[in-house]
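Written out below as structure tokens is the structure these notes cover.
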Amino acid sequence: MWEEFPLIPPQASTFAERVDMLYYFITGVSIFFGALIFLLVIFFAIKYRRRSETEVPKPVHGSLALELTWSIIPFCLAMTMFGWGASIYFDMYHRVPENALEISVIGKQWMWHFQHPTGQREINTLHIPTGRPVRLTMATEDVIHSLYIPAFRVKKDVVPGRYTTLWFEATQPGTYHLFCAEYCGTKHSQMGGSVIAMEPAHYQQWLASVGAQAEAAPTDQIAAASPVEAGQKLFRQLNCHTCHMAGPLGMGPSLIGIFGQRVTLETGETVRVDEAYIRESILAPRAKIVLGYKPAMPTFQGQVTEQQIMQLIAYIKSLK
Amino acid sequence: METNVVGVDQSSSGEPSAPPRVHYLNAAYGIGSWLLTKDHKRIALLYLLSVTFFFFIGGFFAVLIRLELITPPGDLMQSETYNKMFTMHGVLMIFFFLIPAIPAVLGNFLVPMMIGARDLAFPRINLLSWYIYSIGGLLGMGAVIFGGVDTGWTFYTPYSSTYSNSNVILAALGAFVAGFSSILTGLNFIVTIHKMRAPGLTWSRLPLFIWAHYATSIIQILGTPVVAIAIVLVALERLFHIGIFDPKLGGDPLLFQHLFWFYSHPAVYIMILPAMGVINELITCFSRKRIFGYHFIAGSSIAIAVLGFLVWGHHMFTSGQSIYGGFVFSVLSMLVAIPSAIKVFNWTATFYKGSISYQAPMLYAFGFIGLFTIGGLTGLFLATTAIDVHLHDTYFVVAHFHYIMVGGTIMGYLGGLHYWWPKMTGKIYPEGWARFAALVIFVGFNLTFLPQFILGYLGMPRRYHYYPEEFQVLNVMSSAGASILGVGYLIPMVYFVWSLRYGKASAQNPWGAHGLEWETSSPPPTENFEKQPIVTHEPYDYTPKPEEVAVV
């Protein structure tokens, strides 16, 4: 019967079971205290019901011991919930495994674009392998969206002007709901689709078949180029290479091996070169000038889409 | 002090057939005498009419929303229309019903009466606040009439500031204007409570209803200006594109969320603290008991008001804010649970060895304890970071805040309205119907919102017009509950109006209650008391008098 009337969504990621355990704990505590209050109120209401219009009960003033008891016990339980939840939250949002599969995500009114590291693109459907951490780097072209996969118990807002990331590891092959959880306008409720988790071998087959399709008939949805290749092409089209080169002719700093390094700015501060810094440098190049260079770069605001910025970043990351 | 009659039935028939008495209702006639009144009791009735109007408009939108959600595809209305419906439902209910309901109606009527004052400290400002509220309400209604708003009541940027092409400015202006009414009412209450208490009414003799309104007023004064600023910034951004929230111009979209929730989380306590204040009066009267732990309850109101300002970030656990910030907001949110738990335990303990009668106001108080307990406990899930990541922006949140804000506030409001109805109007409402309505509302409410907790954990996001088929059964249950709830809310409206004409006249103190408001006639004279009351005892002093020793 519970198959047809479930109380929890499928448990399909490494987080799902941990989140559910904590959920059961809080549910248990809540049912205990809820039942305690309900039963006491009903019991007192019946036992001490008014039997005559003139009766006047003896007053009870209060009890410090009782007050302290029912302050301290809820406090301890609440702190347990906090600590337990915080440890899962920390792993969910902070401890991204090193070997994660990197997938880039762009949200826009009203669809999700995904691109796999080998170039395959999809809209509103995301194929992923099971048993391997997947890291989503997400940006939005317009308003705030929020990527939500209930079966994985994960959700993260996608905020204009910054990259947000989310990671998970699927455990069960299957097709799961993918929703936008942050209200984003008229078709908000239709901005979603599915996550299809596949055995790693099937995932590889899928990648290959989509890749072959793309080579046969390239369309916008399934492109042949990987993000790195697309980024390289774009890098040349936009003439980035004419300034960003090593040596005395380089008007801008060389980008080889720069990703993940710290660079010194003309203000004397240092900044780590990550996705957000590169993005900012493309859109607002004069915000953080590297020491020794002139603020000569024009902005590319309005000339590149979020997807193209991600491709440029993928290319810069690949420069070793 | 009134000690003679106890119980409603004998007292209502005991009214002597004297010539018509002059009281605040018949002291002056004509529309002008109402629209220019400076009497806090008349202003309370003006508010009663206004909030009732907005409650039923907001409720009408709720009915349409629940009708739409009976089936998974959006087959009743367009997505755009649906989005406008839930936005206007939220805006009207929150800014024009839940926030003003208890302070502006019951608070306005009772704060001066309970402290033995003739009026509020600033009667003209009190009238002004009703006009400001009404202008805000008209602006809000204007936004509906001119085509609606589709941002959600939260007005999140950059959707509201740049992308939505609906009447955002008009609706926001309505909320902005109404905010000033809230600030003025809070200011008036604080000054009145400080300066105008009757001789002998020390702080530790104040009714807990007054303590609750004092705490609420602090939030209104400190919090409301912040949301006003946020709203002005959205309007400026829309009109002049100055780049406060738009990252393309160097702004920060999350700044709005911080400003908005800095007010809008405490706003929940503007709604629920006054309801708690009402519940204290009801359960002491109908159990004929002193409240258990008076000082803890008074202190917990202040604690909730103060802590309420420190927890806004728990609305943003998934927003990408610092995870360490998330931890801090999570701990602080957990702390709010403690004073709330203290209140519930104290109410339960007050019943112990009481003399409990099941009059309609008490049934609403029982209902309040039930709904508030469920709402409070489910708050623990949302304060827990990792669980909130899954539940954020789902129906679990919808159910949780309806239990607290709607279940709690309306149970308190209706309970208080029944309890003080004889005082306000001089009429007795039909007890049988009132008990029946309380039951219908409790059943309807739970049938509407309990399924939504399950829907939320299953992953149904809020503000969804279309939804996957497997969520249908629970949605149908919820919609069925909503229709029962709707009927439940209509019944009191009918018998209250009926009682104005056909209800029996009420005695001065039909419930045998304690409190200064019961020491004057019903309805009270314009100046509230025939002579200045003097307080010589603690509140809720239901101690047996020598001549009426207990039959317990």
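The values are calculated or read from the model by the stated rules, or taken from the named source; none is laboratory data. The model shown is predicted, which means the values in this text are computed figures rather than measured ones. Every residue, glycine among them, receives a Cβ derived from its backbone with ideal geometry; neighbour counts consider all protein chains shown. Keep in mind that these areas ignore ligands, DNA and RNA; they rest on the heavy atoms of the full protein, side chains included. Shrake-Rupley method; radii C 1.70, N 1.55, O 1.52, S 1.80 Å.
Things worth noting here:
- For chain A, built as a Gaussian network whose Cα springs stay under 10 Å, the top-fluctuating residue of A:Thr299, A:Thr186, A:Thr69: A:Thr69
- Potential extension, B:Thr52-B:Thr71 segment - 0.36 nm per residue separation minus Cα distance: 3.8 nm
- Occluded residues from the range B:137-157, i.e. those whose accessible area drops by 30 Å² or more once the chain is not alone (1.4 Å probe): B:Tyr156
- Volume per residue of the C-alpha convex hull in the range B:396-470, rounded to whole Å³: 103
- Counting only DSSP H runs of at least 4 residues, each contributing -39500 (n - 2.57), and dividing by the residue count of chain A, the helix-based mean residue ellipticity at 222 nm comes to -12000 deg cm²/dmol.
- Take each residue of peptide A:71-83, count the partner chain Cβ atoms within 10 Å of its Cβ, and average: the result is 5.
- Length-normalised contact order for the range A:237-320 - Cα pairs under 8 Å, 6+ apart - percent: 27
- Shielding of B:313-320 by partner chains, average beta-carbon count, 10 Å: 5
- Reported to the nearest whole Å, the Cα centre-to-centre distance from the range B:485-529 to the range A:30-95 is 33.
- Of the residues in the range B:345-363, those shielded by at least 20 Å² of accessible area once partner protein chains are present, compared with the chain alone at a 1.4 Å probe, are B:Phe345, B:Thr348, B:Phe351, B:Tyr352, B:Lys353, B:Gly354, B:Ser355, B:Ile356, B:Ser357, B:Tyr358.
- Residue-span extension gain [B:Val494 to B:Ala28] - 0.36 nm each, minus C-alpha spacing: 165.1 nm
- For A:Arg135, distant residues with modelled amide H under 5 Å away: A:Leu101, A:Glu102, A:Ile103
- In this calculation the C-beta distance from A:Gln204 to A:Leu265 is compared with R0 = 41 Å, giving a FRET efficiency of 0.45.
- A:Lys288 accessible area, assembled protein chains, probe 1.4 Å, Å²: 80
- Rh (Kirkwood; distinct C-alpha pairs) - the range B:71-204, Å: 16.7
- Over the range B:443-541, Cα pairs under 8 Å with separation of 6+ residues give a relative contact order of 26 percent.
- Chains A and B together bury roughly 8200 Å² of accessible surface, counting both sides and using a 1.4 Å probe on protein heavy atoms.
- Mean per-residue shielding of peptide A:152-158 is 6, counting Cβ atoms of other chains within 10 Å of each Cβ.
- With all protein chains kept in place, the per residue accessible area of the protein assembly as shown amounts to 38 square angstrom at a probe of 1.4 angstrom.
- The calculated P(r) of chain A, using every Cα pair and 10 Å bins from 0, goes 5, 20, 24, 19, 13, 8, 6, 3, 2, 0, 0 in percent.
- Between the C-alpha center of the range B:335-357 and that of the range A:287-319 there is a gap of 61 Å.
- Residues whose amide H comes within less than 5 Å of that of A:Arg49, counting only those at least five positions distant or on another chain, are B:Ile356 (H built at 1.01 Å from N in the peptide plane).
- With all protein chains modelled, accessible area of B:Lys84 [1.4 Å, Å²]: 50
- D by Stokes-Einstein for the protein assembly as shown, Kirkwood Rh over Cα pairs, 4 °C, 1.567 mPa s: 44 µm²/s.
- FRET E, pair B:Asn165, B:Leu255, Förster distance 35 Å, beta-carbon r, rounded to 0.05: 0.95
- For the pair B:Ser204 and A:Gln190, label points projected 7 Å from Cα toward Cβ lie 6.6 nm apart.
- For the range B:147-163, the Karplus equation 6.51 cos²θ - 1.76 cosθ + 1.60, evaluated at θ = phi - 60°, returns couplings of x, x, 10, 10, 8, x, 5, 7, 6, 4, 8, x, 4, 6, 8, 10, 9 Hz by residue, with Gly and Pro reported as x.
- Residues of the range A:160-196 that bury at least 30 Å² of accessible area when the other protein chains are present, relative to the chain alone (probe 1.4 Å, heavy atoms, ligands and nucleic acids excluded): A:Pro160, A:Arg162, A:His177, A:Phe179, A:Ala181, A:Glu182, A:Tyr183, A:Thr186, A:His188, A:Ser189, A:Gln190.
- Against chain B, whose longest principal axis comes from its Cα atoms, helix B:323-351 is set at around 20 degrees.
- Other-chain or far-sequence residues with amide H under 5 Å of B:Lys427's (modelled H): B:Ser506
- Residue-level accessible surface for A:Ile31, protein heavy atoms, 1.4 Å, Å²: 110
- The range B:284-309-the range B:123-195 distance, computed between alpha-carbon centres (Å): 30
- Sulfur and carbon atoms: percent of accessible area, the protein assembly as shown [1.4 Å]: 66
- Note on chain B: semi-axes of the ellipsoid equivalent to its C-alpha gyration tensor, largest first and rounded to whole Å, are 39, 25, 24.
- Calculated FRET value between B:Arg21 and B:Ala480, using beta carbons and R₀ = 45 Å, to 0.05: 0.40
- Heavy-atom accessible area order for A:Lys187, B:Lys289, A:Lys317, largest first, 1.4 Å probe: A:Lys187, A:Lys317, B:Lys289
- Debye equation applied to the C-alpha atoms of the range A:176-320, log10 I(q)/I(0) at 0.19, 0.20, 0.21 Å⁻¹: -1.16, -1.22, -1.29
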